[in-house]
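In what follows, a structure is listed as structure tokens, so that the remarks can point back to it.
The values are calculated or read from the model by the stated rules, or taken from the named source; none is laboratory data. These numbers were taken from a predicted model, which means no experiment stands behind them. Positions of Cβ are generated from backbone atoms using ideal geometry, with glycine treated the same way; all protein chains shown enter the neighbour counts.
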Amino acid sequence: MPCAFFRQMIYSHPREREAILAQTQYPNMKDRVMDEKKNIVPDVDGYFVKAKEAAAVFCQFDQKQTDAIVKSVYEAGFRNRVNLAKMACEETGIGKWQDKVIKNAVATHFIHEDIKDQKTVGIISEDHVTGITEIAQPMGPILAIIPVTNPTSTVLFKILIAMKTRNPIIISPSKKARKCSCEAARICYEAALEMNAPENCIQWVEDTSRETTQAMMTHKSLSLILATGGTGLVKSAYSSGTPTLGVGAGNVPVFIEKTADVPFAVEQICISKLFDNGTICASEQALIVEKCIASGVEDEFRRRKACFLSEEQVKLLEKVVFDKEKGLMNADIVGQPAMLIAQKAGIDVPPGTQLLIAPLKGVGAEYPLSSEILAPILAYYVANDFNHAVNICIDLNYHGGIGHTVSIFSNDDDNIRTFSMLMNAGRIIVNTPSSQGAVGGIYNMLSPSLTLGCGTGGKNITTDNVSAKHLLNIQRIARRRENQRFEKFDKALYLDESMDAGAIEKIFNRNF
């Protein structure tokens, strides 16, 4: 059955159709805020006219048609994984292209494996006992904010889950990664059209100005924002008045508990932290080690070309990697190799150093390296015992990483449970590289995703790994199924103030 917008477009008189389109194109003409410098507002209405038209067609597609589009997009993205990775690395100067290939593979192959058999069209569940039938409907036009750290993989991921749910999507890239992000979108769009997807079901914004992004986010025809990026941008998305699925900052503590296999733990942490030079927000940010195993941990890290810094060197590093005025990491060091960062800081380190480790005495503004740093740099804390270590992890968790991810290496199930219960994190990663573990699908059975929810602690609506299921409006048909206990219950008893809850429950549940 045609959706409401589609019915209006088909069955209206030509003049009425023109009025409908005009209303869609200019829904907030009176409310436009004029640009202070140019005295104009970026014209984004055209994107939404096209997106609404695409939505009207897309909502008519069945599951088979939808899945054919998804498969075509997945295959095209996967086929171009190397070229897109090289483009991203060349344009942004961030990370390693070889690791970005893996990101692109996860964003296509792993995501497709996860969603390919999901029902996202029409009736998706039917329970004859409860009488509840669930129907999946698309949300409508989605705006996807893309980060500079993952400029192609995030595009591929968001487009795939949007196509799976029949939602037109508009890609808004970082200004530092516009070329590669738009190319990824173009590749996906052409692949979608090959399977007869609606025209303009995928669009991308060439103008990456703040004014354009703001105009897009507040547009009345926008249904949802998928926001992945800097804290300010995500906050702006949540303040736009448009429903938003965003992420919070990650400041991931990794606790190496005394029962851990130390060489294994260090190996896994290096696999994670050195991946793409530490650009994944779920990468470890601080090491917390129990005193009784600290010496062995330090030796193992040194064996893997990590350099423990002196107090003086830590001060020099702080000046280069952290902007105290903004309270954020310095963008110039994001995704850069350890040797280059050390050189910028004027620190002499052994040749081939891959990881800089900064011993710290506290957490907070006075210790800038206790904050999120998306580079091969780790803060380092030695704890007296388990409880002391957990307290440090809690402090780090609440210092800019609440709701995101924490990590522990341990072979004590009781301590793992205790640690997990005390952390405010959507993902507690156990004996696993945190970057890859939090993303999911590689080392565990979490849904693979490049948008990691942080719950209310991180000012998000979910702690889930965001995927296709989050981009659906679910309708529920509720057929009559009488509550037999209520039908047989003497309702007059509710009026009897002498009857307490226990007495009522006893009668209400009799013979149940």
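Tabulated data
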{"quantity": "Lone qualifier among I256, I280, I288 - being within 20 Å of T149 (Cβ to Cβ), touching a residue at least 60 places away in the same chain (Cβ under 8 Å) and not assigned by TED's automatic domain parsing to the domain that holds N150", "calculated": "I280"}
{"quantity": "Residues that are out of contact with any helix residue (DSSP H, G or I) (no Cβ under 6 Å at 6 or more places or on another chain) and assigned to a strand (DSSP E or B), drawn from segment 291-325", "calculated": "A306, C307, F308, D323"}
{"quantity": "First in segment 330-347 and touching a residue at least 60 places away in the same chain (Cβ under 8 Å), second anywhere and in a loop (DSSP other than H, G, I, E, B) and of a type in the set (D, E), Cβ under 9 Å, 6 or more apart", "calculated": "none"}
{"quantity": "Every residue from segment 44-100 that is part of a loop (DSSP other than H, G, I, E, B) and on the phi < 0 side of the Ramachandran plot", "calculated": "V44, C59, Q60, F61, D62, N80, I94, K96"}
{"quantity": "Any hit, segment 152-162, residues being over 18 Å from the mean Cα position of the chain (by Cα), of a type in the set (A, V, I, L, M) and part of a helix (DSSP H, G or I)", "calculated": "no"}
{"quantity": "Positions within segment 93-107 being polar (S, T, N, Q) and surrounded by 21 or more Cβ atoms within 10 Å (Cβ to Cβ), in sequence order", "calculated": "N104"}
{"quantity": "Search result, residues across segment 395-412 that are surrounded by fewer than 18 Cβ atoms within 10 Å (Cβ to Cβ) and not charged (D, E, K, R)", "calculated": "Y398, N411"}
{"quantity": "Residues being in contact (Cβ under 8 Å) with a residue 60 or more places away in the chain and in a helix (DSSP H, G or I) - total across segment 437-484", "calculated": "9"}
{"quantity": "First in segment 52-67 and farther than 16 Å from E194 by Cβ, second anywhere and among the β-branched types (V, I, T) and assigned to a helix (DSSP H, G or I), Cβ under 6 Å, 6 or more apart", "calculated": "K52/T24"}
{"quantity": "Qualifying residue in segment 346-368 (condition: in contact with a strand residue (DSSP E or B) (Cβ under 7 Å, 6 or more places away or on another chain) and in a helix (DSSP H, G or I))", "calculated": "yes"}
{"quantity": "Residue in segment 413-428 that is surrounded by fewer than 20 Cβ atoms within 10 Å (Cβ to Cβ), free of Cβ contacts under 8 Å to residues at least 40 places away in the same chain, over 30 Å from D99 (Cα atoms) and among the hydroxyl-bearing types (S, T, Y) present", "calculated": "yes"}
{"quantity": "Given (1) within 26 Å of the chain's Cα centre (by Cα); (2) surrounded by fewer than 20 Cβ atoms within 10 Å (Cβ to Cβ), number of the condition V49 does not satisfy", "calculated": "(1)"}
{"quantity": "Leading residue by the ranking (surrounded by the fewest Cβ atoms within 10 Å (Cβ to Cβ)) among those in segment 180-193 that are touching a helix residue (DSSP H, G or I) at 6+ places or on another chain (Cβ under 7 Å) and under 17 Å from T213 (Cβ atoms)", "calculated": "A185"}
{"quantity": "Meets criteria (in contact with a helix residue (DSSP H, G or I) (Cβ under 7 Å, 6 or more places away or on another chain) and either modelled with pLDDT of 95 or more or of a type in the set (S, T, Y) (or both)) for I347", "calculated": "yes"}
{"quantity": "Residue that is under 26 Å from M163 (Cβ atoms), modelled with pLDDT under 50 and in contact with a Ser or Thr (Cβ under 7 Å, 6 or more places away or on another chain), where the choices are I10, I20", "calculated": "I20"}
{"quantity": "Matching residues in segment 114-136 - criterion: being part of a loop (DSSP other than H, G, I, E, B) and within 17 Å of K164 (Cβ to Cβ)", "calculated": "K116, D117, Q118, K119, T120, V121"}
{"quantity": "Residue match in segment 309-329 (condition: hydroxyl-bearing (S, T, Y) and at pLDDT 95 or above)", "calculated": "yes"}
{"quantity": "Unmet requirement for H388, which otherwise passes all of (1) touching a residue at least 60 places away in the same chain (Cβ under 8 Å); (2) not in a strand (DSSP E or B)", "calculated": "(1)"}
{"quantity": "Residue match in segment 417-437 (condition: closer than 24 Å to L360 by Cα, of a type in the set (F, W, Y) and either modelled with pLDDT of 95 or more or out of contact with any Lys or Arg (no Cβ under 8 Å at 6 or more places or on another chain) (or both))", "calculated": "yes"}
{"quantity": "Residue within segment 444-455 that is more than 14 Å from the chain's Cα centre (by Cα) and under 21 Å from V266 (Cα atoms) present", "calculated": "yes"}
